[in-house]
Amino acid sequence: MDKNIDIDLSSIFVIFGGTGDLTKRKLIPAIFSLMYEERLPENFTIVAIGRREKTNQQYRDEMYESAKQFCRFSLNDKLWNKFSKRIFYKNFDFTSDNKGYRNLDLFLEKMDTKYLTGGKRLYYLAVAPEFFEGIIRNLKNNDMLKKSTGWQRIMVEKPFGSSLETARTLNYNISKLIHEEDIFRIDHYLGKEMIQNILAIRFGNSLFEPLWNANYIDNIQITSNELLGVENRGGYYENAGILKDMLQNHLLQMLTMIAMEPPVDLSPESIRDEKVKVLRSLRPFTQESFNEDIVRGQYGEGTSNDVEMVGYRQEVNVSPSSNTDTFIAIKTYIDNFRFGGVPIYIRAGKRMDTKSTEIVIQFKKLPGINYYKEFDQIGHNLLVLKIQPEEGFFFRINAKKPGNEFKMEKVELDYCQSCKYVNDSPEAYERLILEASRNNTSLFTRWDELEYSWKFIESIEKGIENSNNALNYPNYKAGTAGPLAAIDLIEKDGRQWWNTASD
């Protein structure tokens with residue numbers, strides 16, 4: 001870890017939205033795992049805020065059940081009792097109750113004194129985006145963001161705004177209340193182990209970096225397929241769709257890690273500077289390219305493993321005539337010197353036939369092999385980064401098949417990280433909480449990253465608004481590989497989608 005990064009982690013973790021699903025499924029299990037691995041000091045304290053009336057013990061009992069279900073480590077009563085004594089619950093209406101904030105501040109000061117946390121506070125906003133500004137404003141008005149000792153930081157969940165305009169407005173209003181360097185905008189994909197490994201693979205191996213350009217790379221594919229539908233998130237999904245739920249944040253962030261130039265060093269700002277350059281270089285869509293290079297979809301009724309699944313329009317809190325996208329596939333380009341002319345194919349969908357998030361780098365075939373008839377069935381060289389559910393990567397090359405005849409076969413140099421380190425890979429939220437406490441901003445999205453990603457998404461939204469193509473939703477069955485048009489999108493270029501999870 002960089003010596004300049006603050007490793008004094010004695011602090012109070014304040015969760016707004018303490019009774020929500022995110023807190024139960026991700027935050028409390030993540031903090032317990034950090035405690036389990038002795039990554040946090042014993043005086044790291046949790047204060048959860050919610051609107052429902054509960055005692056500390058009632059809240060602790062509820063979190064115990066959640067941690068038992070979702071934590072990657074087994075719970076035992078002795079360890080949990082030690083951990084739970086540092087969990088406290090306060091109930092008040094954080095949207096309007098100014099007295100509640102004053103009482104909270106007094107309570108946190110008592111915790112500072114009792115546990116020697118020195119005014120250091122990490123405020124986590126596990127609430128809907130419309131509450132971000134109000135909570136931060138209340139914290140500011142009650143002098144909870146400018147303590148004489150310690151640091152105070154804000155962690156906010158996605159989505160940050162619902163459009164370029166709303167994101168700019170939200171950022172403008174928040175930046176008047178707290179400095180940019182104290183805002184930690186979360187994209188939990190950046191906390192995944194294999195996303196972090198991209199930098200190590202690219203810049204730690206002399207084999208790849210000389211080939212990492214348009215001279216040797218044929219195309220780049222990023223895929224994120226989910227077996228699940230929208231589940232109980234119909235209300236949110238009606239406003240976000242796959243475009244804002246996945247493409248604007250997770251998928252574009254993965255692209256920046258793959259396509260960024262080598263930073264001058266591995267400090268947070270140097271890394272984020274290079275990521276912004278990628279987003280600035282993304283070619284925006286015109287109406288013509290929108291019609292040619294984008295496929296949208298929505299799942300209908302289907303079956304998977306003999307289980308009947310409803311269509312998107314039959315999900316809870318979804319309009320029966322909804323045209324919200326649950327699938328998108330695009331072809332785009334990065335208009336810079338390194339990747340000029342290399343097509344970037346990105347696709348994501350819900351209720352697909354496999355669960356898989358991966359990045360595939362397909363290298364060009366050598367021109368000389370056209371002269372060898374024995375190589376007529378030779379495969380493509382691929383570097384595949386497997387993000388989830390398996391973690392690892394493999395490099396696919398060609399070699400002679402054993403035997404008397406000269407026949408070629410595919411060979412994979414495979415590294416299965418999740419096989420080698422069983423249950424030893426931290427969850428994304430563990431890393432994000434830990435690094436925010438350390439003031440390591442490299443895993444979080446800077447405002448200019450968001451701004452340029454929203455500009456790219458806005459070019460797609462304009463295409464949707466101006467499109468004359470009538471939507472015939474649903475256009476793919478749940479449990480399938482998505483709309484057939486997505487296959488045509490890449491096959492018309494003489495290429496194919498790689499799905500190594502089912503190859």
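Pull out the extension gain between GLU109 and ASP77, defined as 0.36 nm times the separation in residues minus the alpha carbon to alpha carbon distance; nm, one decimal.
8.6 nm
How big, in percent, is the set of alpha carbon pairs in the stretch 101-259 lying more than 25 Å apart? Intermediate values should be presented prior to the final figure.
Numbers: 6220 of 12561 pairs.
Across the stretch 101-259, Cα pairs with separations above 25 Å total 50 percent.
7 Å from Cα along Cα→Cβ at both GLU53 and PHE203: what's the point-to-point distance in nm?
5.5
State the Cα centre-to-centre distance between the stretch 324-343 and the stretch 140-162 in whole Å.
Centre-to-centre distance over Cα atoms comes out at 35 Å.
Using each residue's phi in the stretch 100-113, evaluate 6.51 cos²θ - 1.76 cosθ + 1.60 at θ = phi - 60° and report the 3J(HN,Hα) Karplus result to the nearest Hz, with x for Gly and Pro.
Once θ is set to phi - 60°, the couplings for the stretch 100-113 become x, 5, 5, 5, 5, 4, 4, 5, 5, 5, 5, 5, 4, 5 Hz.
Quick one: angle between helix 428-437 and the longest Cα principal axis of the chain, in degrees between 0 and 90, rounded to 10, please.
50
Give the list, by residue number, of cysteines in the chain with no other Cys Cβ closer than 4.7 Å, or say none.
CYS71
As I understand it, the dipole of the chain uses +1 on the Cβ of Lys and Arg and -1 on the Cβ of Asp and Glu, about the Cα centre. Which of GLY463, PRO262, PHE285 lies farthest toward its positive end?
It is PRO262.
In the chain, once you exclude exposed trypsin sites (Lys or Arg not before Pro) (DSSP loop, at most 14 other Cβ within 10 angstrom), what's the longest stretch remaining?
177-354
Show that you can apply the helix-only estimate: for the chain, add -39,500 (n - 2.57) for every DSSP H stretch of four or more residues, divide by all residues, and state [θ] at 222 nm to the nearest 500.
-10000 deg cm²/dmol, from helical runs alone.
At a Cα cut-off below 18 Å, give the lysines reachable from LYS24, other chains included and same-chain residues fewer than 8 away excluded.
Those lysines meeting the cut-off are LYS54, LYS68, LYS85, LYS90, LYS158.
Starting at the first residue of the stretch 344-361, write each ³J(HN,Hα) from the Karplus equation 6.51 cos²θ - 1.76 cosθ + 1.60 with θ = phi - 60°, in whole Hz, x for Gly and Pro.
Using θ = phi - 60°, the values come out as 10, 9, 10, 9, 8, x, 9, 6, 8, 8, 9, 9, 6, 10, 8, 10, 10, 9 Hz.
With charges set only on the Cβ (+1 for Lys and Arg, -1 for Asp and Glu), what does the dipole of the stretch 1-109 come to about its Cα centre, in debye to the nearest 20?
300
Give me the dipole magnitude in Debye, nearest 20, for the stretch 190-491 about the Cα centre, with unit charges on the beta carbon: positive for Lys and Arg, negative for Asp and Glu. Display every interim value, and only then the final one.
Values: 33 positive and 43 negative charges, 106 e Å.
Approximately 500 debye in magnitude.
Report ³J(HN,Hα) in whole Hz for each residue of the stretch 204-209, in order, from the Karplus equation J = 6.51 cos²θ - 1.76 cosθ + 1.60 where θ = phi - 60°; Gly and Pro get x.
x, 9, 5, 5, 8, 4
Bin by bin, in steps of 10 Å, what percent of the Cα pairs in the stretch 12-157 do you find, going until the bin that has the longest distance?
Computed distribution, short to long bins: 11, 44, 36, 9, 0.
In debye, nearest 20, what is the charge dipole magnitude of the stretch 212-280 about its Cα centre with +1 on Lys and Arg Cβ and -1 on Asp and Glu Cβ, if you could check?
Dipole magnitude for the stretch 212-280 comes out near 140 debye.
Please go through the stretch 379-409 and write out the GluC sites (Glu not before Pro) that DSSP classes as loop and that have at most 13 other C-beta atoms within 10 Å.
Passing sites in the stretch 379-409 are GLU405.
None of the figures in this text is laboratory data; all of them are computed from the coordinates on show. Note that this is a predicted model, so its numbers are computed, not measured. Positions of Cβ are generated from backbone atoms using ideal geometry, with glycine treated the same way; all protein chains shown enter the neighbour counts.
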